[in-house]
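Below: the structure, in structure tokens.
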Amino acid sequence: MLKRPPGGLRNVISTLNFLDWQRDNEVFNYMAAEGGWSVTLTGVDEPIQLRGGQVSAHYFDIFGVTAAHGRTFLPGEDQLGNDRVVVLTHALWTSRFGADPSLLDQTILLNGEPHTVVGVLPAGSAFDRGFRQIWRPLAFQPSNMTRNFHWLSSIAQLNDGVSLDQAQANLDTIAARLEAEFQESNKGWGAVVERAESSLLRQSQRPYQRRTTHAAAGGHRGGPRRRSRPGG
């Protein structure tokens with residue numbers, strides 16, 4: 001899910017708009033946000049730059065993914081003070097840590113701060129072929145709590161029996177309310193709901209493809225709306 005900006009088709013989402021969508025929607029079982037994470041592994045022979053992501057606690061639940069070793073994130077770990085835990089791809093666990101099972105529940109230094117390794121994803125999954133190698137929970141800082149800075153993408157799992165059109169209608173209602181309440185930041189901004197067609201879904205998460213969507217921020221609701229074709 002992304003936003004539709006005035007005069008545009010897609011954009012990323014601000015923190016406060018995402019939190020309103022997450023709290024007020026009536027159509028999603030889970031809704032998660034994702035942001036980038038520039039991370040360096042230290043405490044090893046040579047510092048290593050990793051491709052990281054920050055995600056809401058239910059991110060992996062939306063994909064129907066469980067850890068091959070350990071666990072994924074727990075509810076509440078995407079809150080400040082609870083977020084110093086990480087999940088690794090199997091490829092990273094193998095290439096950088098020698099597939100050492102004792103790494104679980106141990107701490108590693110990331111950007112000079114200790115993080116506990118709580119899980120390793122399954123071998124050979126689409127996550128091994130994806131861009132990101134490591135994830136931590138997305139815990140919003142006070143400086144993130146704004147409607148004017150757009151930096152998040154979002155993915156959600158539809159409730160059983162809810163169609164894409166029903167989800168779009170529900171997000172349209174929320175976007176209209178936010179536009180009325182916060183005209184300085186939200187005037188002309190709407191919401192876009194489209195079926196997720198990422199390689200993760202196409203290659204390894206087919207059972208969840210029918211129910212998984214992206215939400216986006218977008219331009220004026222009166223403008224043209226584009227949607228991706230449903231996945232197979």
Among segment 107-135, those whose backbone N falls under 14 Å of a label point 7 Å along Cα→Cβ from A99 are 121-125
A99's amide H: which non-local residues (gap 5+, or another chain) put their own amide H closer than 5 Å, with H modeled 1.01 Å from N in plane and none for Pro or chain starts? T94
Taking 0.36 nm per intervening residue step and subtracting the Cα-Cα distance, what contour gain separates D160 from N29 on full extension? 46.3 nm
Sorted largest first, extent of segment 80-208 alpha carbons per principal axis (Å): 53, 37, 22
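FYI, it's all coordinate maths here, none of it is from the lab. Bear in mind the structure is a predicted one, so any value in this text is a computation, not a measurement. Here Cβ is always computed from backbone atoms with ideal geometry, including for glycine, and neighbour counts include all displayed protein chains.
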